[in-house]
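What follows is one structure encoded as structure tokens, with my remarks underneath.
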Amino acid sequence: MAMRIHTTLQHIIAQSKDGDTVLLVSHGNYYCNIMRNLFHIDRDELFERAREKGRQAVPNGGIARFDWQKDHFELIQPMMDPEEFWNQKRA
């Protein structure tokens, strides 16, 4: 799975220009694998962090944000449900 994630993200990076916004749509298990492979946050830790904040770790239709910074990805926002994301952007 790690190679598949790496290959997919490298392809996206190669096709994008500075300042582009890219939407990656996936399922929850792929998201959990991205978190483990890019940010070294395993599934148990991911779910525990969400529980501590009273959230679901992988809500239906969830939205996460990470940015590409020259040679690595930076986690901006772990996954949250769409309503929470919408309200956060409007606050």
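Output yes when any residue across the range 69-86 is at positive phi, over 11 Å from the mean Cα position of the chain (by Cα) and exposed (fewer than 10 other Cβ atoms within 10 Å of the Cβ), and no when none is. For the range 69-86, residues at positive phi, over 11 Å from the mean Cα position of the chain (by Cα) and exposed (fewer than 10 other Cβ atoms within 10 Å of the Cβ): present.
The residues in the range 1-51 that are small (Gly, Ala, Ser) and under 18 Å from Glu74 (Cα atoms) can be counted, and the count is 4. Out of curiosity, is Arg43 open to solvent by 80 Å² or more (accessible area, probe 1.4 Å), free of Cβ contacts under 8 Å to residues at least 24 places away in the same chain and in contact with a strand residue (DSSP E or B) (Cβ under 8 Å, 6 or more places away or on another chain)? So Arg43 does not fit the description; no.
Taking every residue in the range 1-26 that is polar (S, T, N, Q) and pairing it with any residue that is surrounded by 10 or more Cβ atoms within 10 Å (Cβ to Cβ), at least 6 positions away or on another chain, the pairs with Cβ-Cβ distances below 7 Å are Ser16/Val22.
If only residues of the range 2-23 that are among the aliphatic types (A, V, I, L, M) and open to solvent by less than 70 Å² (accessible area, probe 1.4 Å) are counted, the one that is modelled with the lowest pLDDT is Ala2.
The values are calculated or read from the model by the stated rules, or taken from the named source; none is laboratory data. The shown structure was predicted, so the numbers you read here are calculated from the model rather than taken from an experiment. We place every Cβ from the backbone using ideal geometry, glycine too, and count neighbours over all the protein chains shown. Side chains are part of the model used for accessible areas, which takes the heavy atoms of the whole protein and leaves out ligands, DNA and RNA. Shrake-Rupley method; radii C 1.70, N 1.55, O 1.52, S 1.80 Å.
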